[in-house]
Amino acid sequence: MKKLLSLFTFLFAAVMLVNAAGLNTDPVIGEPAPAFTLTDQYGNEHNLSDFAGKTVMLEWLNHDCPFVVKYYRAGEMQRLQQKYTAKDVVWLSIISSAPGKQGYLEPEEIVKVNEEKNVHATAVLIDADGTVGRAYGARTTPHMYVIDEAGILRYNGAIDDKPTANAADLEGARVYATEALDAVLAGNEVEVKTTRPYGCSVKY
Amino acid sequence: MKQAAVYGELADINYLYMKLKTKLFMVTVMIAAVTASVLSAGFTAPVYSSSLNLAVTDSIAEAGGFFFQTSDDEELVRASIVTEAAAVTPGGTLLAGIRLQMEDGWYVYWKNPGDSGIPTSVSWNLPEGYTAGDLMWPWPGIFYTDSFISYGYKEEVVLFTELKAPDDAETGSEVALSASVTWLVCKDICIPGRAELTGNVRVTENRPAVVSEKRELFDTYRERLPVTVPGLEATATDDAGTIVLHLKHDGLKNADVNNLVFYCSEEGIVESGAEQYFEVTDYGLRIVLRKSAFINTDITKVNGVLYNAGGWGGNGMKAISVTAVRSDN
């Protein structure tokens, strides 16, 4: 009996170790955001550390996802991009769709789409192998992250509190992502630091 | 990816059948063997106590008098209203459902969609005096997209609601039922959809018969509704990102832990794709879950469905409802 129990304890410990090894790599609020280097639609490399001293918004992007379309067709994402880049925020839209999957765009296609949609992001970054998306635990499009001037992650989650693909829900929505951005720009504590992101799954 | 290792490969996930093939599985099998030999407790079959309590008779209902519109124009999801009987009595209840039939490989979401997705929603619009109960969801399947998971339904599902007629419903009259249904249907991509469904049932003096051709459909999905087990007590603790549920019931002690999956009913409390650990204890069952990275508030309770691929007892019941109240604060 005692032997059985000690065997049980051992096995339990083994399971817990396996569990610990299986943890996701969700970045932690209040700690440095995962470093990355990605190439934009013009072939320029951007390293997160290039933007030290500036507040950064990361937006996971797939233009064919209805939840992204909700924001872009209404011009709302572009409006937010314009508003905040004017405040010296660095707005990086990241496409983690793998080639051949929904949302993947070749660099020249991104240039074209940006013109058509009047996109005001600082850059659209190509993460075709999904490395950066996975480092950030990006689950959905959109999925938003706010990084402060010191490179610390301050917000991780949904763009807003209306998890639908219906453009009518833009009105009256509490936009968590820009609320966090406003707080960081004002030097305040972010009230809601994490929310469950909604949208299409990232097409890794 | 890593999460997939929890459950291993799922064959056709619709009404999932679990095949665990990982090392973790081997460890768990050994634990099961050990616990089975250490603990020998008799299984008391929990009593079925679903809220569904409808008349079931063998007679065939009159086919006339009711008509249901389906959303034929939807290619990926066909939605329709189905009722178990063609009529309802004054003050009586009628089991109704929204039947969703998906194109091959496409799925719609459970009430907790998992890592992404949107729950299917049903909003009944009934004549004055008629009421609709809570939506009753058959337990879902698990679908993997990359390292993230979704809870939902492939092929077909019926989401049930118990409709109740007012006491003064006029016998002989026709009652118009309508429901707005919205869904997100996904395969490699996701497309939102909606349907405005209508139908009619008659009000009759006598208790109506079940429509025979509907019986199989209703039985199939009714069997997949989680059952409330009398005497099951559950508590939850929340510590450093780990949620532990303690389920007290002798009937849980014979569970083969390899067969178990816990589906949290609400979004964003439990990390859907994380590994789940089950342990038979002297009080019943201990379940270790990972708390969602996105939760902002303290957990006060955890609602969910405990699914046992091997069934609970011999009566084919596979899923039980769990409401675990926080006990450590």
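Each value in this text was obtained by applying a stated rule to the coordinates, not by laboratory testing. Quick caveat, the model's predicted, so the values are computed rather than measured. Here the Cβ positions follow ideal geometry from the backbone for every residue, glycine too, while neighbour counts run over all protein chains shown.
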Each residue of the stretch B:194-207 in order: what ³J(HN,Hα) in whole Hz does its phi give by Karplus 6.51 cos²θ - 1.76 cosθ + 1.60, θ = phi - 60°, with x for Gly and Pro?
-> 8, 8, 9, 10, 9, x, 9, 10, 9, 9, 10, 6, 9, 4
Using Cα pairs closer than 8 Å and at least 6 residues apart in sequence, work out the relative contact order for the stretch B:77-222, in percent.
-> 33 percent
Whole-number D in µm²/s for the stretch B:202-329 (Stokes-Einstein; Kirkwood sum over Cα pairs; 25 °C, 0.890 mPa s) = 152 µm²/s
Rounded to the nearest 0.05, FRET efficiency between A:Lys87 and B:Asp250 (Cβ-Cβ, R0 35 Å) equals 0.05
Length-normalised contact order of chain A in % [C-alpha pairs under 8 Å, at least 6 apart] | 27 percent
What fraction of the DSSP beta bridges in the stretch B:77-222 is antiparallel, stated in percent and rounded to the nearest 5?
-> 95 percent
Hey, any idea what the orientation-averaged projected area of the convex hull of the stretch A:24-201's Cα atoms comes to, in nm²?
-> 9.0 nm²
In chain A, whole DSSP H helices that both stretch 18 Å or further along their axis by alpha carbon positions and average at least 0.5 on the Kyte-Doolittle scale are A:2-21
If exposed GluC sites (Glu not before Pro) are those in a DSSP loop with at most 13 other Cβ within 10 Å, what is the longest stretch of chain A that has none?
-> A:1-170
Rounded to the nearest 0.05, what FRET efficiency do B:Glu213 and B:Arg286 give with R0 = 45 Å and r taken as the Cβ-Cβ distance? Could you check?
-> 0.50
Fewest first, what order do B:Ser80, A:Ser97, B:Ser178 take by the number of other Cβ atoms within 10 Å?
-> B:Ser178, B:Ser80, A:Ser97
Given charges at beta-carbon only (K, R positive; D, E negative), |dipole| of the stretch B:77-222 in Debye | 140 debye
With each pseudo-label sitting 7 Å past Cα toward Cβ, what's the B:Asn125-B:Glu174 distance in nm, one decimal?
-> 1.8 nm
Starting from the alpha-carbon convex hull of the stretch A:27-89, give the projected area averaged over all orientations, in nm².
-> 5.6 nm²
The stretch B:149-183 to the stretch B:277-328: how many Å between their Cα centroids?
-> 29 Å
Percent antiparallel among DSSP beta bridges (both partners in the stretch A:37-134, rounded to 5) | 35 percent
Would you calculate a helix-derived [θ] at 222 nm for chain A, using -39,500 (n - 2.57) for each DSSP H run of n ≥ 4 and dividing by the full residue count, to the nearest 500?
-> -9500 deg cm²/dmol
With N residues in the stretch A:68-124, what two-decimal value do you get for its Cα radius of gyration over 2.2 N^0.38 Å?
-> 1.14
Give, as ranges by residue number, the residues of the stretch B:180-210 whose backbone N falls under 18 Å from the point 7 Å along Cα→Cβ of B:Glu155.
-> B:186-187
Taking amide H positions as placed 1.01 Å from N in the peptide plane, with prolines and chain starts having none, which residues 5 or more places from A:Val202, or on another chain, fall under 5 Å of its amide H?
-> A:Thr140, A:Thr141
Expressed as a whole percent, how much of the Cα-Cα distance distribution for the stretch B:158-222 exceeds 19 Å?
-> 55 percent
Give me the Debye-computed log₁₀ of I(q)/I(0) at q = 0.09, 0.14, 0.17, 0.19 Å⁻¹ for the stretch B:77-222, equal point scatterers on Cα only, no solvent, two decimals.
-> -0.30, -0.66, -0.90, -1.06
